[in-house]
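Have a look at the structure below, then the notes.
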Amino acid sequence: MIKFDLICDEQHTFEAWFASNADFDSQRDAGLVSCPHCGSAEVDKALMAPSVSTARKKEASMQLAMNTGQKAAMDQLRKAVKAIRENSEDVGERFPEEARKIHYGESEERGIIGQASPDEVKSLVDEGVNVAPLPDLPEEKN
């Protein structure tokens, strides 16, 4: 498809899409192209700057696609973190102790969140306790 800038005999300008240059010519010659402002069928192509694909345009397009993908991924991460927080008990600094109790069957199995030092996390992992960090995400949408 090609977008042409068009101009009528009354000097009104407008845009229209055509399959090709020949398609424009055949539609114009058949009287199918008219000015949307005044209805004149005396329409020609206006001077247009060519649309050249440059490395910058391609890079900008790729960056936009990446940003869109990153935003979608961040939105999904935010939803997952929110669901975990809403469906877990916050045990605060008692996290290592509560995680061990659940792991060894001394406490009811449930989702918990809380704080643990890097050494405490390493010790839990060494014992076979499944733990994972929960990221703190900025609240504003990027």
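Where a number appears in this text, it was derived from the coordinates with a stated rule and is not lab data. Source: prediction; values computed, not measured. Neighbour counts are summed over all protein chains in view; Cβ atoms, including those assigned to glycine, are modelled from backbone coordinates with ideal geometry.
Of the listed peptides 10-21, 32-43, what is their order by residue-averaged count of other C-beta atoms within 10 Å, with the highest listed first?
32-43, 10-21
Pulled fully out, how much extra length does the chain show between residue 5 and residue 129, if you take 0.36 nm times their separation in residues and subtract their Cα-Cα distance? Present the calculation step by step, with values, prior to reporting the outcome.
Numbers: separation 124, 0.36 × 124 = 44.64 nm, distance 6.69 nm.
Extra length from residue 5 to residue 129 when fully extended: 38.0 nm.
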message: Could you tell me which residue out of 46, 104, 70 lies farthest along the dipole of the chain toward its positive end? Charges go on the beta carbon: Lys and Arg +1, Asp and Glu -1, centred on the Cα centre.
response: 46
- line: Quick calc: nm separation of the 7 Å Cα→Cβ label points for residue 122 and residue 104 -> 2.1 nm
field: Derived scalar couplings ³J(HN,Hα) [the stretch 14-20; Karplus, 6.51 cos²θ - 1.76 cosθ + 1.60; whole Hz; x for Gly, Pro]
entry: 7, 10, 8, 9, 9, 5, 6
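Report, in debye and to the nearest 20, how large the dipole of the chain comes out about its Cα centre when Lys and Arg carry +1 and Asp and Glu carry -1 on their Cβ.
300 debye
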Most positive-pole-ward Cα, 87, 113, 36, against dipole of the chain from beta carbon charges: 36
